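Before any comments, here is the structure.
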Amino acid sequence: MSERASVPKEDEESAEADEAEAETTESAVETGAEAVVAALENADVEYLFGVTGGAIMPVYDALYEHEEMTHITMAHEQGAAHAADAYGIVTGDPGVCMATSGPGATNLVTGIADASMDSDPLIALTGQVPTDFVGNDAFQETDTIGVTQPVTKYNIFAEDADTVGDDVGEAFALADEGRQGPTLVDLPKDVTKGETDQQPGTPQTPDTYNPPEEADEVIVQAAVEALADADRPVILAGGGVIKGEACDELRQFAREYDVPVITTMPGTGAFPEDEDLSMGIAGMHGTGFANLAISNTDFMLAVGTRFDDRLTGDIETFAPDAEIAHVDIDPAEISKNVQADYPLVGDAKRVIRQLDDALPAAPDADEWLETCDRWKDEYPLDYETPEDEPIKPQYVVEKYDELTPDDTIVCAGVGQHQMWAWQYWTYTEPRTWVTSHGLGTMGYAVPAAIGAKLAAPEKEVVAFDGDGSFLMTGQELSVAVRENLNITIVVLNNEAVGMVRQWQDGFYEGRRMASEYPWIPQFDKLAEAYGAQGLRVEDYDDVEETIQEAREYDGPSVIDAIIDPSENVYPMVPSGGDNARFALNEQHLEDI
């Protein structure tokens, strides 16, 4: 009896059906555009954020029949990039944004640059004029590759319909692997319309791409010996802890060896802020006690941070007495800004495990821990709430935090409202703080809230925005209404570009040039015009009730919170200053 004859008939029919299905799948790719879509399917992409147009139209047409992926049409390409960026922050997987050529592509650039500064996983697909027209100043042509090269981890001009699918897969893989970041594939219309039967494979990085995994054991041993001998050790947790999925390892390490933990702004949530070992947030508007810990430590284990200027202030006064062990997957970051005594190049999760395995004993730091606790008592984050003055923004943030679960995702634009949302919300979990860090992009909050909610539909999402920030991308509220996303946007409204106004008062003798609005719309009424719920709050007694009303509403809400226009963000370290000399109020700032 032949081997085939021994196969049961139902199994044989099933195998034939599978073969037929495979053949159908193979023949499904007939154009470059269909290869692009197949590559996205191979990457298990669920959502795409974009705005269509002429040059990208073949790819959109190929998406028409693919129900596995949902395209979210944004109001503006910048919003598409920010939504995709936030999606990537919350999921840990690359978000996808799309735009047509020319202005579509250039409108993505702000979001791409934002993702580059913050090492966020993102892939951008841009339409391009046909290859023969490139360089002729054709309608809606721009040199997208040249424009985006400085702000992408990798970009490529697709040249052939047979290879364009693999171009997209490679870009997706590179956005995700190693130090995450944005990538871009520029798609000429003749390539996406061109005929091909080449099925793209699963996303893969080039064979030459080998990011480091484990640090040099000799340096690891030297670092742990220095840590064990330290009297005043700290851990500085940066965004790389979260992106490297190393939060559990870092938390276990800190708890086992009783080392205080300070978080950078991108590292917020890496270590729970309600634990005794937490020293909170550091830098220009960090806590006084965190900055004192940095200024007095004798050993710093810095993980996944690039030591940017908003964290360090004056490099010469940053952790002046400390030996520094710097863990980073990107060797270019080691000693770029702060000299590392122990350069530990590798994956954060793996390197922390190496340190844990090698550390001979916990440092004897009981006296240091007592000092850190004393600083917490001496320099708490606080504010006053006089009943005869407008609402303090800090109160709105704290009250919202009090009413919501620990896993609530907080998005923020850029400015004073961002700092209050960072300072006065207690973050205990990673991937719950979604904002623009390095680039400082106003207008980030509303589209980010859309991306965050689609990334984690089971979680609450609130966006704290400023009136200035909201005016930049508030039109994305139309998308939240259309998609019926249950998000809340709290506009901390002080009728000014508040951080600029604060700096003008502090450093420009109060010359408030172009920082105040003589007129702005009523944001609650504007929300209603978009079809969202609009709420307004002006009194302390109404804050909790208004927040609850927004939370209970099935759909997007906007709270126009009229706050004290004179309120400023403190503590504050002047730009390029000494972290140990932080101002707690305006008078302190004048004395520094």
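Note on region 495-520: residues that are outside any loop (DSSP other than H, G, I, E, B), among the small types (G, A, S) and either under 27 Å from the mean Cα position of the chain (by Cα) or under 20 Å from I559 (Cβ atoms) (or both) total 2.
Quick grid of which residues meet (1) of a type in the set (D, E, K, R); (2) at pLDDT 95 or above; (3) in the same structural domain as H437 (by TED's automatic domain parsing); (4) out of contact with any Leu (no Cβ under 7 Å at 6 or more places or on another chain):
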{"residue": "T152", "(1), (2), (3), (4)": "no, yes, no, no"}
{"residue": "F172", "(1), (2), (3), (4)": "no, yes, no, yes"}
{"residue": "E177", "(1), (2), (3), (4)": "yes, yes, no, yes"}
{"residue": "Q180", "(1), (2), (3), (4)": "no, yes, no, yes"}
{"residue": "L184", "(1), (2), (3), (4)": "no, yes, no, yes"}
{"residue": "P206", "(1), (2), (3), (4)": "no, yes, no, yes"}
{"residue": "R232", "(1), (2), (3), (4)": "yes, yes, no, yes"}
{"residue": "G238", "(1), (2), (3), (4)": "no, yes, no, yes"}
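S295 falls short on exactly one of the conditions (1) assigned to a helix (DSSP H, G or I); (2) buried (at least 23 other Cβ atoms within 10 Å of the Cβ), and that condition is (2). Would you be able to say whether some residue in region 407-418 is more than 26 Å from E545 (Cβ to Cβ) and touching a Gly at 6+ places or on another chain (Cβ under 8 Å)? Yes: region 407-418 contains one or more residues that are more than 26 Å from E545 (Cβ to Cβ) and touching a Gly at 6+ places or on another chain (Cβ under 8 Å). Residue count for region 529-543 satisfying the condition of being in a helix (DSSP H, G or I) and either β-branched (V, I, T) or closer than 17 Å to T488 by Cα (or both): 4.
Scanning region 544-592 for residues that are assigned by TED's automatic domain parsing to the domain that holds V397, among the acidic types (D, E) and in a helix (DSSP H, G or I) yields E544, E545, E549, E552.
Taking interchain pairs and intrachain pairs at least six residues apart, which have beta carbon atoms under 7 angstrom, with the first residue in region 512-540 and free of Cβ contacts under 8 Å to residues at least 60 places away in the same chain and the second assigned to a helix (DSSP H, G or I) and β-branched (V, I, T)? Within 7 Å, the pairs are S515/V500; Y530/V481; G531/V481; A532/V481; L535/T546.
Looking only at helices (runs of 4 or more DSSP H) that fall completely inside region 429-494, which ones have 3 or more residues that are closer than 26 Å to T305 by Cβ and not assigned by TED's automatic domain parsing to the domain that holds V51?
445-455
Looking across region 180-226, just one residue is of a type in the set (A, V, I, L, M) and part of a loop (DSSP other than H, G, I, E, B), and that is A215.
Of the residues that make up region 308-318, is at least one part of a helix (DSSP H, G or I), in the same structural domain as F253 (by TED's automatic domain parsing), buried (at least 22 other Cβ atoms within 10 Å of the Cβ) and among the β-branched types (V, I, T)? Taking every residue of region 308-318 in turn, at least one turns out to be part of a helix (DSSP H, G or I), in the same structural domain as F253 (by TED's automatic domain parsing), buried (at least 22 other Cβ atoms within 10 Å of the Cβ) and among the β-branched types (V, I, T).
For region 384-405, taking the residues that are in contact (Cβ under 8 Å) with a residue 24 or more places away in the chain and part of a loop (DSSP other than H, G, I, E, B), the one that is farthest from the chain's Cα centre (by Cα) is identified as E387. If you go through region 337-368 and keep only what is of a type in the set (D, E), closer than 18 Å to L236 by Cβ and not in a helix (DSSP H, G or I), you end up with D341, D347.
Looking across region 488-511, just one residue is in contact (Cβ under 8 Å) with a residue 60 or more places away in the chain, under 26 Å from D591 (Cα atoms) and of a type in the set (D, E), and that is D505.
Just to check your reading of the model, which residue among G510, G534 is small (G, A, S) and in contact with a Lys or Arg (Cβ under 9 Å, 6 or more places away or on another chain)? The match here is G534.
So, in region 127-184, of the ones that are farther than 27 Å from P331 by Cα and hydroxyl-bearing (S, T, Y), which residue ends up surrounded by the fewest Cβ atoms within 10 Å (Cβ to Cβ)?
T131
Count of region 35-73 residues, restricted to those that are over 25 Å from F139 (Cα atoms), surrounded by 16 or more Cβ atoms within 10 Å (Cβ to Cβ) and of a type in the set (S, T, N, Q), is 1. Pairs linking a residue in region 322-349 that is closer than 11 Å to E213 by Cα and touching a residue at least 60 places away in the same chain (Cβ under 8 Å) to a residue that is part of a helix (DSSP H, G or I) and charged (D, E, K, R), with Cβ atoms under 6 Å and 6 or more positions apart or on different chains, are K349/E249.
Screening region 41-126 for strands (runs of 3 or more DSSP E) wholly inside it with 1 or more residues that are free of Cβ contacts under 8 Å to residues at least 40 places away in the same chain returns the ranges 70-73. Can you pull out the residues in region 241-272 that are without any contact (Cβ under 8 Å) to a residue 40 or more places away in the chain, among the small types (G, A, S) and under 20 Å from D93 (Cβ atoms)? Listed by number, the list holds a single entry, G267.
Which ones in region 227-240 are in a loop (DSSP other than H, G, I, E, B) and either free of Cβ contacts under 8 Å to residues at least 24 places away in the same chain or of a type in the set (A, V, I, L, M) (or both)? Answer for region 227-240, where residues must be in a loop (DSSP other than H, G, I, E, B) and either free of Cβ contacts under 8 Å to residues at least 24 places away in the same chain or of a type in the set (A, V, I, L, M) (or both): just A230.
Scanning region 278-308 for residues that are within 28 Å of D120 (Cα to Cα) and hydrophobic (A, V, I, L, M, F, W, C) returns M279, I281, A282, M284, A290, I294, M300, L301, A302, V303, F307.
Residue selection: P343 satisfies the criterion of being surrounded by fewer than 22 Cβ atoms within 10 Å (Cβ to Cβ), in contact with a His (Cβ under 9 Å, 6 or more places away or on another chain) and modelled with pLDDT of 95 or more. Buried (at least 24 other Cβ atoms within 10 Å of the Cβ), of a type outside the set (S, T, N, Q) and within 26 Å of L381 (Cα to Cα): is that true of D465 in this structure? Yes.
Could you list, in sequence order, the residues of region 249-290 that are within 16 Å of Y427 (Cβ to Cβ) and not in a loop (DSSP other than H, G, I, E, B)? L250, R251, A254, V261, I262, T263, S278, M279, G280, I281, A290 - these are the residues of region 249-290 that are within 16 Å of Y427 (Cβ to Cβ) and not in a loop (DSSP other than H, G, I, E, B).
The values are calculated or read from the model by the stated rules, or taken from the named source; none is laboratory data. Quantities reported herein were computed from a predicted structural model and do not represent experimental measurements. A quick note on method: Cβ atoms are made from the backbone with ideal geometry, for glycine too, and the neighbour counts reach across all protein chains shown.
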